[in-house]
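*Asks:* Here's a structure for you.
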Amino acid sequence: MSENIDMDDIRTHRDGTDGSVGRVLAVVTSHDELGETGYPTGWWVSELAHPYLALTNAGYEVDVASPRGGHAPIDAWSDPNDDAAQTPADFVSTGFLENDITRAKIMDTFALSEVDGHDYDAVFLVGGYGAGYDFPENDDIVRIAREVWGGDGAVGSICHGAAAPPPPVGGGGASPVAGRTLPGGADVDETVGR
């Protein structure tokens with residue numbers, strides 16, 4: 001990996017001169033421990049790598065943000081290069097982690113407090129066990145989702161990314177998911193580190 005990467009060359013140009021068809025924000029966790037177990041955790045690589053590839057192939061620019069900004073911890077079980085990997089043959093995730101540009105984006109994520117959702121056409125919340133700790137009741141996630149949704153954008157999540165509360169929208173404060181059945185992980189999955 002190149003040591004001379006200029007983040008200004010990697011991050012999206014705010015004036016729209018990057019040639020993309022739109023902008024998407026991927027939100028990953030900053031949390032790195034399963035409860036108080038001492039076991040490391042973080043975001044799940046394939047849950048960012050695969051959508052990232054599909055979105056960039058379709059012409060979208062994808063930025064990566066996290067609650068604290070900076071380095072975003074990866075769950076070793078999801079890293080195909082780690083001995084603990086559950087999917088060591090995931091070549092999309094391997095390529096994502098070994099690419100200079102994407103690696104730089106996860107090593108220096110935007111802090112959610114600095115993100116303006118109006119700048120994005122979509123936001124998706126990436127899973128991983130860490131999301132279960134710093135996504136619930138995260139005011140910045142709610143604010144950004146509300147801003148994207150209010151601009152007729154798309155808001156979505158993958159697996160544990162659904163731990164974030166859906167933002168209330170409209171004058172009555174109703175949730176966009178009120179009365180709907182949504183996919184998600186089983187409650188038993190959440191007892192792992194608690």
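The values are calculated or read from the model by the stated rules, or taken from the named source; none is laboratory data. What you see is a predicted model; the values in this text were computed from it and never measured. Cβ placement follows ideal geometry from the backbone for every residue including glycine, while neighbour counts extend to all protein chains displayed. Surface areas here come from the heavy atoms of the whole protein model, side chains and all, with no ligands, DNA or RNA. Shrake-Rupley method; radii C 1.70, N 1.55, O 1.52, S 1.80 Å.
*Asks:* Give me the 1.4 Å probe accessible area per residue for the range 52-108, excluding ligands and nucleic acids, in Å². Walk me through the numbers on the way to the answer.
*Replies:* Details: 2780 Å² over 57 residues.
It amounts to 49 Å² per residue over the range 52-108.
*Asks:* Let me check something: with ligands and nucleic acids excluded, how do His31, His71, His118, His160 order by accessible area (1.4 Å probe), largest to smallest? Intermediate results must be reported in sequence, preceding the final value.
*Replies:* Numbers: His31 50, His71 105, His118 130, His160 25 Å².
From most exposed to least exposed: His118, His71, His31, His160.
*Asks:* Mind checking Rg over Rh on the range 47-135, alpha carbons, Kirkwood formula for Rh? Write down the numbers at each step before the final one.
*Replies:* On the way: Rg = 13.2 Å, Rh = 13.9 Å.
Here the Rg-to-Rh quotient is 0.95.
*Asks:* What net charge do the residues around Ala111 carry, taking every other residue with its C-beta under 9 Å from that of Ala111, with Lys and Arg at +1 and Asp and Glu at -1? Could the numbers behind the result be given before it?
*Replies:* Numbers: positive: Arg68; negative: Glu114, Asp140.
My count for the surroundings of Ala111 gives -1.
*Asks:* Also, I was wondering about something else. Could you tell me the calculated FRET efficiency between Thr87 and Glu33, based on Cβ-Cβ distance and R0 = 25 angstrom, to the nearest 0.05?
*Replies:* Numbers: r = 22 Å, r/R0 = 0.89.
Efficiency computed from Cβ-Cβ geometry: 0.65.
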